[in-house]
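Beneath this line is the structure, given in C-alpha cells, with notes to follow.
FYI, it's all coordinate maths here, none of it is from the lab. None of the values given here were measured: they were computed from a predicted structure. As a convention, Cβ positions derive from the backbone with ideal geometry for all residues, glycine included, and neighbour counts pool all protein chains shown.
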Amino acid sequence: MDNLQLTVGPILFHWPEAEIVDFYARLADEAPVDHVVVGEVVCSKRLPFYEDALPGVIERLQRGGKRVSLTSLALPTLVRERKAANELFATGLDVELSDLSAMGAIADAGFSVGPLINVYNEATLGFLARKGARSVCLPPELPYASVKALAEAGAALGVNVEVWGYGRAPLAISARCYHARVRGLSKDSCQFACGADKDGLDVRTIDGRDFLAVNGVQTLSHAYVNLIGDLAQLAAAKVNSVRLSPHSHDFVGVTKDFRAGVEGGLTPQEALVRARSREPGATFSHGFLLGDYGAQPLSVA
Amino acid sequence: MTSLELVCPAGTPAALRVAVDAGAHTIYCGYNDETNARNFPGLNFSREELAEGIAYAHKRKAKVLVAINTFPRAGGLPLWHRAVDDAARFGADAVILADLGLLDYAAEQHRGGPLRLHLSVQAAAANAEAINFYAAAFGVKRVVLPRVLTVPEIAAINQGTDVETEVFVFGGLCVMAEGRCSLSSYATGKSPNMNGACSPASHVEYKEANGRLESRLGGFAIHAVDRTAAAPYPTICKGYFQAGDYRGHVFEDPSSLDAAELIPKLAEAGVTALKIEGRQRSRAYVEAVVRSFRKAVDAYAAGRPIDANELVALTEGQKTTSGAYRKTWR
C-alpha cells in the first residue's frame with residue numbers, strides 16, 4: 001500500500017500566527033507527507049492575522065520537499081472574498097477549490113478539488129477532469145463502495161483521488177457564525193471567539209453526550225475520522241492519497257503513524273493505540289466509510 | 001410593479017391539484033425515489049402520477065418543475081438519467097438539478113429541446129460567479145438561491161448575472177448551506193445529498209427521561225420538553241445543545257421562514273420567483289399558504305400593501321423569522 005500518498009489539509013481552525021508558522025515549520029522538517037494544502041477555507045476574517053506569513057510558510061514547506069497547494073474559501077459572498085480566488089491562481093501555485101464560484105478563474109495548468117465540493121459520482125468526476133481537475137479529495141460522507149467506484153474512475157481519467165483520512169470531518173458550512181452566536185455576539189462583531197478553541201468548540205447533547213464541534217461558520221464532527229486501520233482497503237481500491245486534517249496536539253506524530261501504516265510497519269491495532277496517545281480525549285470513527293452512520297465510534301478490540 | 005412567479009410545493013397529486021387551483025403559477029415536485037431531496041415514505045409521484053399532474057397543471061396554465069436534486073450514487077447513474085429523460089418526455093417545464101454530472105448529462109441529452117434546466121438550492125450557488133459558471137457550462141436558466149443570503153447580496157447577484165433567481169419565502173429554514181450538510185448522515189447514515197432524507201423519521205424516537213420527553217435522532221438527544229408538551233421533531237440544526245457554558249439552540253431556534261413582508265424588497269432586488277417550502281406538508285396547508293401568497297403577490301403587482309400577518313396561523317405555533325435575508329441573523 002506504499003502507493004498511497006499523504007496530504008495535509010488546510011488548518012481549519014483560528015490559530016495564532018506564531019503557532020501556524022511553527023506548525024508548518026515542524027511539518028516541513030519532520031512530517032513524512034507528500035503534499036500540504038495551506039490557506040483559509042472557513043472564514044475570510046481570519047486571514048489578515050496570518051496571510052503575511054504564508055509566503056514564508058510555503059517556501060519552507062517546498063524546501064522541505066512538500067508539494068504545496070492553496071485553498072479557496074468555502075463560502076465566498078463578499079466582493080473581496082469572491083476576488084480572492086483570482087489572486088490565488090495568480091500565484092502560479094496549484095489551487096484547491098472549496099467552492100465552485102472559482103471555476104471561472106481556473107488556470108490552464110489545472111486545479112484541485114477539495115472535500116467541500118460535491119463529487120459523488122463518476123459523471124461529476126469526469127466533468128471536472130475535462131475542466132482540468134488533476135486531484136479530487138472526496139466528501140467525507142462517502143461510503144466505501146462510492147470511494148472504490150470513484151477511485152477506479154479517477155485512475156481511468158488520470159485524476160488523483162483522495163479520501164478524508166484523519167481529523168474532525170467538516171459536516172456543514174453556514175453564513176451564520178456559531179462561535180459568535182453562543183457567546184451572544186454577531187458575525188460582524190465576533191471578537192474572534194473561534195480563536196479560543198484550538199480544535200473547535202465541543203457541542204454535547206442535553207444528556208451530556210459528545211456530538212459535534214463548532215468552528216466559526218463551520219460545523220465539524222465531534223469524532224475524529226481515523227482511517228489508519230483502513231489503509232490496505234483504500235490502497236486496494238486504487239485510492240491515491242489520504243488527507244490528514246490538522247489538529248492541535250501531536251499532529252506530526254499522526255503523520256508519522258500514517259506513514260508507518262502506509263509502509264506496513266504498523267498493524268491497525270497498534271496504529272489505533274498510538275492514535276489515542278497523539279490526540280488524548282479524542283474519539284475516533286470510520287462510520288462514513290463503512291456506510292454506517294458517521295458518528296459510529298471506532299473501538300480498539 | 002413586477003409580477004412575481006409563485007412556485008409551490010406538491011408532495012402528492014392531490015396537493016398538486018389543490019395548489020394549482022389555489023393560484024400557484026408553478027408547481028415543483030419529485031419522483032418517489034432517491035432522486036429527489038424530499039424522499040419520504042408515502043410522498044412524491046409515480047411516473048403515471050407525474051404525467052397526469054403535468055397535464056392537469058398545463059391545462060390550467062400552470063407550470064411544473066421536477067426536482068431531481070440529489071447527488072447520484074457512484075455506479076447508479078441510470079436511475080437519475082431516467083428521471084431527467086422521463087420528465088422531458090412528460091412535458092415538464094424544467095428539471096431542478098444540483099449535481100454537476102447530471103447537469104452535464106441533461107444539457108447534452110436535451111440540448112435545444114424545450115426542457116429548461118434550473119439549478120437546485122442543493123447546489124449552493126451563493127454568488128454571481130458560481131451561477132454564471134452553471135449558466136456557461138450547462139445553459140442553466142434559473143437558480144434557486146440558498147437561504148443564507150441577505151437581500152442586498154441577492155440584489156448584487158441579480159446585477160451580476162442574467163440567470164433568473166428564485167428565493168424561498170415560506171416554510172422550513174435550512175441554516176446550513178444546503179447540499180453541503182452531512183449532519184443527518186453523521187447521526188443516522190441517511191444523507192440529504194445521497195438519500196434525499198434529512199433527519200429521517202426511521203431514526204426518530206421519543207423517550208421519557210427524568211420526567212421530560214426527549215426527541216432523539218439516531219440515539220442522540222436533540223430536544224427535551226416538559227412531559228405534557230408536544231416534543232419537537234428532532235432536526236439536528238434546530239436542536240437544543242450544550243457548548244461550553246452555553247445551553248440552547250446552538251445553530252437555530254426551532255423557527256420557520258416567513259419572508260412575506262420582504263416581498264417588495266425581494267422584487268426590487270430583481271428576484272423572478274418566490275418559492276414555498278413544504279412538499280411534505282398536508283393538502284390543507286399547501287392550499288392555505290398558496291392562496292395567501294398569491295394574494296400577497298397580486299397585491300404587490302397591483303401596488304397595494306401586503307398583509308403579512310395572515311400566515312402566522314399556518315406556522316403551527318412556531319416562531320417565524322425572516323432568516324438570513326436580514327443581516328442581523330448571522
Taking Cα pairs closer than 8 Å and at least 6 residues apart, the relative contact order of segment B:54-152 in percent is 24
For segment B:115-195 the trypsin sites (Lys or Arg not before Pro) that pass both the DSSP coil test and the at-most-16 other-Cβ-within-10 Å test are B:K141
For chain A, the helices passing both cut-offs (Cα extent along own axis of 18 Å or more, Kyte-Doolittle mean at least 0.5, full DSSP H runs) are A:144-157
Amide H neighbours of B:K63 at under 5 Å, excluding residues fewer than 5 places away on the same chain, with H built from the backbone geometry, are B:T26, B:I27
Here chain B gives, from Cα atoms, an Rg and Dmax in Å of 19.4, 63
Distribution output for segment B:107-180: share of Cα-Cα pairs per 10 Å bin in percent, first bin at 0, values 20, 51, 24, 5
Convex hull around the C-alpha positions of segment A:14-72: the volume in Å³ per residue is 72
Here the whole-number average of other chain Cβ atoms within 10 Å per Cβ of B:249-255 is 4
Magnitude of the Cβ-charge dipole (Lys and Arg +1, Asp and Glu -1) of the protein assembly as shown about the Cα centre, nearest 20 debye, reported as 1080
Counting sequence-distant residues (5 or more places) and residues on other chains, those with an amide H built under 5 Å from that of B:F241 are B:G248, B:H249, B:V250
For chain B, longest principal axis from Cα atoms; helix B:151-160 axis from its Cα atoms; angle between them, nearest 10 degrees, is 30
For chain B the mean separation of alpha carbon contacts under 8 Å (6+ apart) over residue count, i.e. relative contact order in percent, is 21
Computed for chain B: size of charge dipole around the Cα centre, +1 on C-beta of each Lys and Arg, -1 on C-beta of each Asp and Glu, debye to nearest 20, value 260
Computed over segment B:3-108, the Cα gyration tensor eigenvalues, each multiplied by 5 and square-rooted, give semi-axes in Å (largest first) of 23, 14, 12
Applied in sequence order to segment B:246-261, the curve 6.51 cos²θ - 1.76 cosθ + 1.60 (Karplus, θ = phi - 60°) yields integer Hz couplings, x standing for Gly and Pro, of 7, 10, x, 7, 4, 9, 7, 5, x, 10, 10, 7, 9, 10, 4, 6
Kirkwood Rh over alpha-carbon pairs of segment A:255-301 plugged into Stokes-Einstein at 10 °C, 1.306 mPa s gives a D in µm²/s of 139
The answer for the net charge of residues other than A:E279 whose Cβ lies under 9 angstrom from its Cβ, with Lys and Arg +1 and Asp and Glu -1, is 0
Computed on Cα atoms only, the convex hull of chain A has an orientation-averaged projected area in nm² of 14.8
Most fluctuating of A:G165, A:G208, A:G265 in the GNM of chain A (C-alpha, under 10 Å) is A:G208
Footprinting proxy, B:K265, B:K61, A:K198: sorted fewest to most Cβ within 10 Å, the residues are B:K61, A:K198, B:K265
In this structure, among B:K190/B:K295; B:K295/B:K319; B:K190/B:K319, pairs with alpha-carbon gaps over 32 Å are B:K190/B:K295
Placing each pseudo-label 7 Å from Cα in the direction of the beta carbon, B:R283 and B:D226 end up separated by a distance in nanometres of 3.7
Rounded to whole Å, √(5λ) for the Cα gyration tensor eigenvalues of segment B:54-208, largest first, gives 26, 21, 16
Dividing the mean separation of Cα pairs under 8 Å (6+ apart) by the residue count of segment A:113-237 yields a relative contact order in percent of 23
Counting only residues 5 or more apart in sequence or on a different chain, those whose built amide H sits under 5 Å from that of A:G294 are B:Y186, B:A187, B:T188, B:G189
Here the averaged projected area of segment B:152-203, based on the convex hull of its alpha-carbon atoms and given in nm², is 5.0
Phi angles of segment A:170-183, converted by Karplus (6.51 cos²θ - 1.76 cosθ + 1.60, θ = phi - 60°) into ³J(HN,Hα) in whole Hz with x for Gly and Pro, give x, 9, 7, 9, 9, 7, 9, 9, 7, 4, 5, 4, 6, 9
Rounded to the nearest 10, the angle in degrees between the Cα long axis of helix B:100-109 and the longest principal axis of the Cα atoms of chain B comes to 20
The Kirkwood hydrodynamic radius of segment B:69-141, taken as the inverse of the mean 1/r over all distinct Cα pairs, in Å, comes to 12.3
Over all pairs of different Cα atoms in the protein assembly as shown, the reciprocal of the mean inverse distance gives a Kirkwood radius in Å of 24.9
Surrounding charge for A:Q62, neighbours by C-beta under 15 angstrom, Lys/Arg +1, Asp/Glu -1, total 0
Share of Cα-Cα pairs in segment A:52-183 beyond 20 Å, whole percent, is 52
In whole percent, the Cα-Cα distances of segment B:196-258 spread across 5 Å bins from 0 upward as 4, 19, 24, 26, 19, 6, 2, 0
Cα-based Rg then Dmax for segment B:187-232, in Å, read 11.9, 37
Final fewest-first order of A:Y293, B:Y246, A:Y24 on the 10 Å Cβ neighbour count is B:Y246, A:Y293, A:Y24
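Using the C-alpha gyration tensor of segment B:194-330, what are the square roots of 5 times its eigenvalues, in whole angstrom, with the largest one first? Walk me through the intermediate numbers first.
Values: eigenvalues 222, 59, 41 Å².
Computed over segment B:194-330, the values are 33, 17, 14 Å.
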At the level of C-alpha centres, the distance separating segment A:1-21 and segment B:86-136, in angstrom, is 36
With A:G195 itself left out, Lys, Arg at +1 and Asp, Glu at -1 over residues whose Cβ is under 13 Å from its Cβ give 0
Proxy exposure order for B:S182, B:S46 (fewest C-beta within 10 Å first) is B:S46, B:S182
